[in-house]
2 protein chains.
Amino acid sequence: MVPASASLVEQISSAQQTLRRCRGIVRPALMATIDRLPPSTHQLALYACNGGASGATEEGSGGKGVRQAFAVLAGEAVGGRAESAIPAAVAAELIHNFSLIHDDIIDKDEWRRHRPAVWKAFGTGPAVLAGDALLALAVEVVSTSAGDRCPQALRLLCTALSGLMRGQAQDLQFEDRPWQGPDAVVPEEYWLMVAGKTGALFAGAAALGALLAGGEPRMVEAFATAGQEFGMAFQTIDDALGIWGDPRKTGKPVGSDLRRRKKTLPVLVTLARGDAPARRLASLLETETEFDEQNTAAATALIEEAGGRDLVMAEGQRALGRAHQALADVPLLPRTWMELTALSEYLVSRTS
Amino acid sequence: MVPASASLVEQISSAQQTLRRCRGIVRPALMATIDRLPPSTHQLALYACNGGASGATEEGSGGKGVRQAFAVLAGEAVGGRAESAIPAAVAAELIHNFSLIHDDIIDKDEWRRHRPAVWKAFGTGPAVLAGDALLALAVEVVSTSAGDRCPQALRLLCTALSGLMRGQAQDLQFEDRPWQGPDAVVPEEYWLMVAGKTGALFAGAAALGALLAGGEPRMVEAFATAGQEFGMAFQTIDDALGIWGDPRKTGKPVGSDLRRRKKTLPVLVTLARGDAPARRLASLLETETEFDEQNTAAATALIEEAGGRDLVMAEGQRALGRAHQALADVPLLPRTWMELTALSEYLVSRTS
C-alpha cells in the first residue's frame, strides 16, 4: 500500500514504473529464450510476445507484463536477487502468450493488442505450432534453472498449467450453456473457472519467483495464494472493461464482451438475481440475431440498473484484500511489499 | 535379432506379442493419467489415445504403441523393472497423441486411425485444448516420477519436445517450397526434419525409459541415439506406406501422400536425381488441378522407375543398422535386447 498521502497520479506513475522496471529486467532473457526457436516459429513468437507486425520492439505493446512483474517482485520480496526470479518471469510470459495464441484460435478472436491475432496474421496451423513451442520452452526454462529445486518448481509449473487448461475447458463449455434455467452458469462456477483460467498462472508466476529466489516453503505458499487471489481480482476488472472499457484504450469495440455474448461476471451476477431486469437481460441475450449497438446499450443499462457493475468491482476488491491478507504473516522486504501492493491496487482500478 | 531360423511368421508374432505385452503394462497407468483431466477434455483425450467413438477400449485401435514399447524395453534392458519405466512410456504416448491431434489440425487431415480426426469429430477449439492438456500432462508425469533425476529427465523430455516441434515447423515450411530449382527441398533437409519430427520422440521415450529404470548415463545416451535412428527408420516405412500401402491396412486411400502432394522421402530422392523421370515427376506435381487417380498412378510409376522405392527402403535399413550399432557396446540384458531388435526389424518391414 502506498502512503495514504499519495495522490492517484503518484500511485499510477509508481505502478507503471514498477511494470517498466520489471520488463527491463526480464526482457533480455525473454528475447534470448525466444531466439532459441527455429526461424519460422521464432517470427510468430516475436510477434506474439513483442508487438509490431515485424516483431519490432515497442515498449508495452507486448502487454503490460503483469505476470512477469509478480514473479520478479515475489523473488525480491523474499530477499532474493531479481535475477534469480527471471526464469519464473520468462516462463510466465511464455505461458501467457502460449495461452493467448491458442485462446484466440479457440474463441475465433481476430484482434489482440490492437493487431490481428497470431492465427489471423499467420494462419491457424503455424499459430497452433507457435503456441506449442512457447509452452515447451517454458518447461525448459523452469527445468534448467531450478537446480535441486527442480521437483518443486515443476510441481508449481504443472499446477499452473493444469489450472489454466481446466479453466479454458470450462470457459469453452460455458458457451454452450443457456442464459437461464437450471443449466445456466452461476457466478460461483464462473469464479471457479477464473481461478483456473487467470488465477493459476498468477499463482504459478509469483510462487515460482519466490521459490527460485530461495524463498522458504511458507513464503512460496503465501505467494501461490496471493497470486491466485490477485489473478481473480485482475479478471474482474478485465470483465468490467469488456463492457465499460474505452475502445481507444482497450483496442476493442464498445461493449465487446456483450456483443460476443460472453458469459462474464457482470452478466452472470445480474442474471443470478432472477428479477425482472435479469429476465429482460436473458431474453436480450437469447435473441438469435446479431447483437447490434442498440442491444449492447440496452444490455449494459440492464446490468447497471441491477447494480452489476458495483457488485463486480466489490468482488474484485474482496479478492485483492484476500491477496494482501495471504502475504501479511510471512517475512517479506517491506520496500518490495509496498511496491507489490501499490501495483496490485493500481491494476484492480485500471481503465485499460 | 531373432535367431536366424525364425520364420517370418514367428518374427511377426513375436513382435506383436512384445507390443501387446508393453501395452498391457502401460495401459492402466495411461488411463489413470488421462482420468485426471477435466470431463470435457477427458472425452477427447480418450478418443485420441484409445480408439472407438465412445472412447471404448479396443485393442490396438489407439495405435501400435511403438513409443511406449521402446520406453518399457529400454527400462528392462538396463536391468530395471518394467514398472519403473512406465512414466516414460505414458509420457511418450501422451506426447505422441498431443502431436497427432495438433498435426491433424495443422495439416487439415480429416482421418486418423480409420476414424475422423479429433478436430473433425469435436471441433478445432476443443482439439487445440485437448492437445495442450496432453502435453502438460506428459510434463507432469515425468516431473513427478523422476525423483532426484528430475533435471536429467526434464532435459530429455525438453530435447524431445523441441526436436518434435522443430521438425513440425520444418515440415510445414516444406509445403510452400517448389518441387524443383534451387529452393527445392533436398533429401538431406528432409532427413533433418525427420530427425526432429519422428526421431526426437523415439529418442526421448527410449532414453527416459532407461533413465527412470536406473540406467547409467552411457546407457541412457546409447538409447537416445538408438531411439533417434530407429525413429528415422520407422519414418521411411511410413513414407513408403503413404505411397504403396494397402488401403485396407493403412486406413488411407491408395497413394494418399502423393494425392496430397506431400514432400516425402520417395518423392524427394527421385526428384534429387534431376534426370528425365525426375523432371516428369516434378511437372506432374506442379499441376494446379486436383491430383486424381491417374496422376497418382503416373507419379508412383515414375518413382518406381527411378528406383525411389528401393532407395528409401535401403535408407531405412541403414538407419536401423545405426540404431542397433548404438546399443552394441553397452551392457544390456540379452533377452530384452533380442526382443527390442526383433521388434525394430519387424517395424521397419511392416505393411501397415
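The values are calculated or read from the model by the stated rules, or taken from the named source; none is laboratory data. None of the values given here were measured: they were computed from a predicted structure. Positions of Cβ are backbone-derived with ideal geometry, glycine not excepted, and every protein chain shown enters the neighbour counts.
Listing for the model above:
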item: Residues that are under 23 Å from A:Leu44 (Cβ atoms) and touching a Ser or Thr at 6+ places or on another chain (Cβ under 7 Å), drawn from region A:141-150; result: A:Val141
item: Filter result for B:Pro126 (facing chain A (nearest Cβ under 7 Å), surrounded by fewer than 23 Cβ atoms within 10 Å (Cβ to Cβ) and either within 29 Å of B:Lys262 (Cα to Cα) or of a type in the set (Asp, Glu) (or both)); result: yes
item: One residue from B:Ala146, B:Ala153, B:Ala133, B:Ala138 being over 15 Å from B:Gly204 (Cα atoms), within 10 Å of chain A (Cβ to nearest Cβ) and buried (at least 23 other Cβ atoms within 10 Å of the Cβ); result: B:Ala133
item: Search result, residues across region A:20-43 that are within 14 Å of another protein chain (Cβ to nearest Cβ), within 22 Å of B:Thr159 (Cβ to Cβ) and part of a helix (DSSP H, G or I); result: A:Thr33, A:Ile34, A:Pro39, A:Ser40, A:Thr41, A:His42
item: All positions within region B:97-118 that are more than 10 Å from chain A (Cβ to nearest Cβ), assigned to a helix (DSSP H, G or I) and either in contact with a Gly (Cβ under 6 Å, 6 or more places away or on another chain) or crowded, with 24+ Cβ neighbours inside 10 Å (or both); result: B:Asn97, B:Val118
item: Exclusive hit being crowded, with 16+ Cβ neighbours inside 10 Å and under 24 Å from A:Gly75 (Cβ atoms), set A:Arg350, A:Arg309, A:Arg335; result: A:Arg350
item: Considering residues of region A:248-259 that are surrounded by fewer than 16 Cβ atoms within 10 Å (Cβ to Cβ) and more than 19 Å from the chain's Cα centre (by Cα) only, the residue modelled with the lowest pLDDT; result: A:Pro253
item: Some residue of region B:136-144 being free of Cβ contacts under 8 Å to residues at least 40 places away in the same chain, within 20 Å of A:Arg166 (Cβ to Cβ), outside any helix (DSSP H, G or I) and not aromatic (Phe, Trp, Tyr); result: no
item: Yes/no for B:Leu94 being touching a Cys at 6+ places or on another chain (Cβ under 8 Å), more than 7 Å from every other protein chain (Cβ to nearest Cβ) and either on the phi < 0 side of the Ramachandran plot or not small (Gly, Ala, Ser) (or both); result: yes
item: Hits in region A:211-236 (condition: part of a helix (DSSP H, G or I) and surrounded by fewer than 20 Cβ atoms within 10 Å (Cβ to Cβ)); result: A:Pro217, A:Arg218, A:Glu221, A:Thr225
item: Number of the condition not met by B:Glu83 [criteria: (1) of a type in the set (D, E, K, R); (2) buried (at least 24 other Cβ atoms within 10 Å of the Cβ); (3) without any contact (Cβ under 8 Å) to a residue 60 or more places away in the chain; (4) more than 11 Å from chain A (Cβ to nearest Cβ)]; result: (2)
item: Tabulated pairs, region A:217-233, first within 16 Å of A:Val66 (Cα to Cα), second buried (at least 24 other Cβ atoms within 10 Å of the Cβ) and aromatic (Phe, Trp, Tyr), C-beta under 8 angstrom, 6+ apart or interchain; result: A:Gly227/A:Phe70; A:Gly227/A:Phe202; A:Gln228/A:Phe202; A:Phe230/A:Phe70; A:Phe230/A:Phe202; A:Gly231/A:Phe202
item: Hits in region B:156-180 - residues which are facing another protein chain (nearest Cβ under 7 Å), surrounded by fewer than 24 Cβ atoms within 10 Å (Cβ to Cβ) and free of Cβ contacts under 8 Å to residues at least 12 places away in the same chain; result: B:Cys158, B:Gln173
item: Some residue of region B:166-174 being part of a helix (DSSP H, G or I), charged (D, E, K, R) and more than 16 Å from the chain's Cα centre (by Cα); result: no
item: Residue list for region B:328-350, filter: outside any helix (DSSP H, G or I), of a type outside the set (Gly, Ala, Ser) and within 26 Å of B:Gly63 (Cα to Cα); result: B:Val348, B:Arg350
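Okay, residues lined up against (1) closer than 30 Å to B:Ala160 by Cα; (2) aromatic (Phe, Trp, Tyr); (3) at pLDDT 95 or above:
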site	(1), (2), (3)
A:Ile12	no, no, no
A:Gln16	no, no, no
A:Cys22	no, no, yes
A:Pro28	yes, no, yes
A:Pro39	yes, no, no
A:Gly52	no, no, no
A:Lys64	no, no, no
A:Phe70	no, yes, yes
A:Ala74	no, no, yes
